[in-house]
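A.B. asks: Right, I'll just put the structure down here and ask away after.
The values are calculated or read from the model by the stated rules, or taken from the named source; none is laboratory data. Quick caveat: nothing in here was measured; it's all calculated off a predicted structure. As a convention, Cβ positions derive from the backbone with ideal geometry for all residues, glycine included, and neighbour counts pool all protein chains shown.
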Amino acid sequence: MELPSQYNAKDVEDKIYKLWEESGFFNPDNLPINKIRNSKLKIRNFCIIMPPANANGNLHAGHALVMTIEDIMTRYKRMRGFKTLWLPGLDHAGFETQVVYEKKLEKEGRSRFQIEPEQLYKEIFEFTENNKKNIKNHVKKMGASCDWSREKFTLDKDIIKVVYETFEKLKKDKLVYRGKKIINWCPKHQTSLSDLETSDTEKTDKFYYLKYGPFTIATARPETKFGDKYVVMHPKDKRYKDYTHGQKIELEWINGKITATIIKDEAIDIDFGTGVMTITPWHDATDFEIAERHNLDKEQIIDFYGKLLPIAEEFSGMKILEARAKIIEKLQSKGLVEKIEENYKHIVKTCYKCNSLIEPQIKEQWFLKMKPLAAPAIKAIEKNQIKFIPSHYKKIAMHWLKNIIDWNISRQIVWGIPIPGDEEGQVFDTWFSSGQWPYATLKTTGKNDFKTFFPTDVMETGGDIIFFWVSRMIMLSLYTTKKIPFKNVYLHGMVLDAKGQKMSKSKGNVINPLELAEKYGADALRMGLVVGNTPGTSLPLDENKIKGYRNFANKIWNASRFVLQQTAEVSLRGGSEATDVAIQSNRLPRRSAPRNDRLTKKDKRILNDFKKQAKEITKDMDNYRFYSAAEKIYHYFWHTFCDKIIEDSKKGEVSQATLLEILTDCLKILHPFMPFITEEIYQQLPPPAGGKKQKCLMIEKWIL
């Protein structure tokens, strides 16, 4: 059957995806493993659990990269004869989704604080349900060959049941506790955040040197100092050897005379400033730890909305940034300002979603003890039970695990999984549920998947969430199942714009992958995302690169059209017996007929060279070097097959049988990278002599 004169991705992609879905081969239970493989061999399993995309928006460039890399892995293993499962899913995404919905409410002139919790939850649920359908369609547009019959959502009832079982086990083992500890608080969103949900932001402020009795203290936050009644110094600081721990001193302060207590503690840096500081235990983590060690009082100065409390007297009710200059004026009037340093650069914590300054607060929360969970994870990684790609992420993960702190797992938002037994209506941090994703999904598909596919083979995700997610999955899986959740961790870098800058709406440089797929075809986008994309390295995405691979798709189409025309003509006019058999069966004479001697020396050299290339590509695929495999098949097809072999065939120097064989095997190699066009061409190939073609190229046997 002759191919149309031009390839039009829009006419092909939806049709081909429908073919794949109707074939049922996304489902590993339907793969004809024994029919197309040696049935005496033990069936090998391969599983990837899709990182659940947030059900709150559209597919972005990072998601497109995830879908591409994971689909390449899945299609390759399926063709290698593995019983292959790629399980898809979506994440309710807790805080992030609520933030997205709050922005929607703001545009509508509404506030979540004016909506009853039950109503707000219902609205967000409907919002995510619509987005789930949207994202699922986007994933399909990328050609993802995942098993939709096993699709999961982090708010599925059976997933929540697993999460609750884990929580109860943690409580029973006394690894979960409620405690009144210092937390990261976002005044805008009115919720606590874990350390991983805050950003370290460089800020330029004034730095104030204040007289505190006989001492000079330095601070960038004078608004927190109303309750300071402890002055701390290092016990070995000779400058203050005459002061004793617990000693009381009288001094003039912001709102009059106070009694301060001397505290000696080794946490103080002797070389920083004057070596003396006052502490505000309610609003600083280091100060809180000092207060805990010495059983000191803790007093709240700033409320949960970022305003000063009555302890600040005339400044009560003022926002801290508004009050700062006025507080300094008052201190200056009392002669308590020694000097002010301008342009003081320091690092402050901000909310990673709204960039508001984090206000540390003491609040009763649910915490998870992490050191007992980290120990088995450290041991497993040290024993190389989990391989990191690229390898340097192993050191990064180990450093974090060895310095881990307890995890605040409660959030003061509506959207999420409610914490059982919590009278305040708090929900779990979304990473607590998604941290259980690999085993929670496989335990709840209604099949024997946990036994068959766990531990999974690969977790492919962004290197930026190695702490948020990857490390937590390892810890929770080892704790709950006594098994690692995956054998390999493949970490990709960030997708940047063409100039190598991070994409952001404010910069106006966000690239919509679906628009590129619509314009150039999903295959071209996939190649543009994978070629040159080494693991862990950020990828500048240039539209011209995608356009170049659209041209490559056209090259594949035109070359295939030429070969099919030539082989059809030879078959019609009749050639040698070996050639006829080869054309009918899509196989070389050496595979389809015993008369191998009829191949010319040039044919044999071409076939031998291709075999060497195929071995190299297969080795790349087995070692997760997809960027290299894709580039090799690109260059081979364009510069060797098209520029040399096809051209030589026009001179009669290459047999049509060789042409057809090389084309067929090139389509197989290209299929994981460019599934739509290769499947469309494969569907036009004639069946083998005396037999039937596979229903889809997707389940054809790999070249080796």
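A.B. asks: Does Glu299 count as free of Cβ contacts under 8 Å to residues at least 24 places away in the same chain, out of contact with any Ser or Thr (no Cβ under 8 Å at 6 or more places or on another chain), of a type in the set (Asp, Glu) and in the same structural domain as Trp253 (by TED's automatic domain parsing)?
C.D. replies: Against the criterion (free of Cβ contacts under 8 Å to residues at least 24 places away in the same chain, out of contact with any Ser or Thr (no Cβ under 8 Å at 6 or more places or on another chain), of a type in the set (Asp, Glu) and in the same structural domain as Trp253 (by TED's automatic domain parsing)), Glu299 does not qualify.
A.B. asks: Kindly evaluate Asp464 against the criterion of being more than 22 Å from the chain's Cα centre (by Cα) and among the charged types (D, E, K, R).
C.D. replies: no
A.B. asks: When the residues of segment 587-606 are filtered to those that are buried (at least 18 other Cβ atoms within 10 Å of the Cβ) and touching a Ser or Thr at 6+ places or on another chain (Cβ under 9 Å), which remaining residue is modelled with the lowest pLDDT?
C.D. replies: Ala593
A.B. asks: Which of the residues that make up segment 647-674 are surrounded by fewer than 24 Cβ atoms within 10 Å (Cβ to Cβ), assigned to a helix (DSSP H, G or I) and among the small types (Gly, Ala, Ser)?
C.D. replies: Across segment 647-674, the qualifying residue is only Ser649.
A.B. asks: Scan segment 173-200 residue by residue and report those that are in a helix (DSSP H, G or I) and buried (at least 21 other Cβ atoms within 10 Å of the Cβ).
C.D. replies: Of everything in segment 173-200, just one residue is in a helix (DSSP H, G or I) and buried (at least 21 other Cβ atoms within 10 Å of the Cβ), namely Glu197.
A.B. asks: Identify, please: which residue in segment 144-201 is touching a helix residue (DSSP H, G or I) at 6+ places or on another chain (Cβ under 7 Å) and of a type in the set (Gly, Ala, Ser) and is, among those, farthest from Ser23 (Cα to Cα)?
C.D. replies: Checking each candidate, the answer is Ala144.
A.B. asks: Does Ile617 qualify as being part of a helix (DSSP H, G or I) and closer than 30 Å to Lys141 by Cα?
C.D. replies: When the stated conditions are applied, Ile617 passes them.
A.B. asks: Residues to consider are Gln694, Gln684; find the one that is of a type outside the set (Phe, Trp, Tyr), assigned to a loop (DSSP other than H, G, I, E, B), over 19 Å from Tyr7 (Cα atoms) and touching a residue at least 40 places away in the same chain (Cβ under 8 Å). Break it down into steps so the answer makes sense when it comes.
C.D. replies: Details: Gln684 fails: over 19 Å from Tyr7 (Cα atoms).
Testing whether each residue is of a type outside the set (Phe, Trp, Tyr), assigned to a loop (DSSP other than H, G, I, E, B), over 19 Å from Tyr7 (Cα atoms) and touching a residue at least 40 places away in the same chain (Cβ under 8 Å) leaves just Gln694.
A.B. asks: Could you look through segment 533-544, keep only residues that are touching a strand residue (DSSP E or B) at 6+ places or on another chain (Cβ under 7 Å) and either in contact (Cβ under 8 Å) with a residue 60 or more places away in the chain or assigned to a loop (DSSP other than H, G, I, E, B) (or both), and pick out the one that is nearest to Lys395 (Cα to Cα)? If you could, list the steps in order and put the result at the bottom.
C.D. replies: Going through segment 533-544, the residues touching a strand residue (DSSP E or B) at 6+ places or on another chain (Cβ under 7 Å) turn out to be 533, 535-536, 538-541.
Retained after the next criterion (residues that are either in contact (Cβ under 8 Å) with a residue 60 or more places away in the chain or assigned to a loop (DSSP other than H, G, I, E, B) (or both)): 533, 535-536, 538-539, 541.
Values: Asn533: 22, Pro535: 16, Gly536: 14, Ser538: 19, Leu539: 23, Leu541: 28 Å.
It comes out as Gly536.
A.B. asks: Taking Leu564, is it out of contact with any Cys (no Cβ under 8 Å at 6 or more places or on another chain) and in contact (Cβ under 8 Å) with a residue 40 or more places away in the chain?
C.D. replies: yes
A.B. asks: Return the total of residues in segment 293-320 being within 37 Å of the chain's Cα centre (by Cα) and either surrounded by fewer than 16 Cβ atoms within 10 Å (Cβ to Cβ) or closer than 30 Å to Asp265 by Cα (or both).
C.D. replies: 7
Okay, residues lined up against (1) closer than 16 Å to Ile182 by Cα; (2) in contact with a helix residue (DSSP H, G or I) (Cβ under 8 Å, 6 or more places away or on another chain); (3) in a helix (DSSP H, G or I):
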| position | (1), (2), (3) |
| --- | --- |
| Asp269 | no, no, no |
| Gly273 | no, no, no |
| Ala291 | yes, yes, yes |
| Ile311 | no, yes, yes |
| Ile328 | no, yes, yes |
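A.B. asks: Could you tell me whether any residue of segment 201-212 is in the same structural domain as Asp303 (by TED's automatic domain parsing), over 48 Å from the mean Cα position of the chain (by Cα), on the phi < 0 side of the Ramachandran plot and not in a loop (DSSP other than H, G, I, E, B)?
C.D. replies: For segment 201-212, residues in the same structural domain as Asp303 (by TED's automatic domain parsing), over 48 Å from the mean Cα position of the chain (by Cα), on the phi < 0 side of the Ramachandran plot and not in a loop (DSSP other than H, G, I, E, B): present.
A.B. asks: Within segment 239-267, track down each residue that is closer than 17 Å to Asn295 by Cβ, outside any loop (DSSP other than H, G, I, E, B) and of a type outside the set (Gly, Ala, Ser).
C.D. replies: Hits for segment 239-267 are Lys248, Thr261, Ile262, Ile263, Lys264.
A.B. asks: Okay, next question. Mind checking which residues of segment 361-389 are outside any helix (DSSP H, G or I) and without any contact (Cβ under 8 Å) to a residue 40 or more places away in the chain?
C.D. replies: Lys383, Asn384
A.B. asks: Does at least one position in segment 257-267 carry a residue that is more than 23 Å from Lys181 (Cβ to Cβ) and either surrounded by fewer than 16 Cβ atoms within 10 Å (Cβ to Cβ) or in contact with a helix residue (DSSP H, G or I) (Cβ under 7 Å, 6 or more places away or on another chain) (or both)?
C.D. replies: Yes: one or more hits.
A.B. asks: Exactly one of (1) buried (at least 17 other Cβ atoms within 10 Å of the Cβ); (2) touching a residue at least 24 places away in the same chain (Cβ under 8 Å); (3) part of a helix (DSSP H, G or I) is unmet by Trp638. Its number?
C.D. replies: So the condition that Trp638 fails would be (1).
A.B. asks: Within segment 165-174, is there a residue that is touching a strand residue (DSSP E or B) at 6+ places or on another chain (Cβ under 8 Å) and closer than 30 Å to Ala260 by Cβ?
C.D. replies: no
A.B. asks: For the structure I just gave you, tell me whether Asn54 is within 29 Å of Asn130 (Cα to Cα) and without any contact (Cβ under 8 Å) to a residue 60 or more places away in the chain.
C.D. replies: So Asn54 fits the description; yes.
A.B. asks: If you go through segment 99-116, how many residues are loosely packed, with under 10 Cβ neighbours inside 10 Å and of a type outside the set (D, E, K, R)?
C.D. replies: 3
A.B. asks: Moving on. Could you look through segment 387-431, keep only residues that are among the basic types (Lys, Arg) and either touching a Pro at 6+ places or on another chain (Cβ under 6 Å) or surrounded by fewer than 14 Cβ atoms within 10 Å (Cβ to Cβ) (or both), and pick out the one that is farthest from Gly463 (Cα to Cα)?
C.D. replies: Lys402
A.B. asks: Would you point out the residue of segment 461-485, among those that are outside any helix (DSSP H, G or I) and surrounded by fewer than 24 Cβ atoms within 10 Å (Cβ to Cβ), that is modelled with the lowest pLDDT?
C.D. replies: Residues of segment 461-485 that are outside any helix (DSSP H, G or I), as a first pass: 461-462, 482-485.
The next check asks that each one be surrounded by fewer than 24 Cβ atoms within 10 Å (Cβ to Cβ); those that pass are 461-462, 482-484.
Numbers: Thr461: 94, Gly462: 90, Lys482: 98, Lys483: 98, Ile484: 98.
Applying the filter and picking the extreme gives Gly462.
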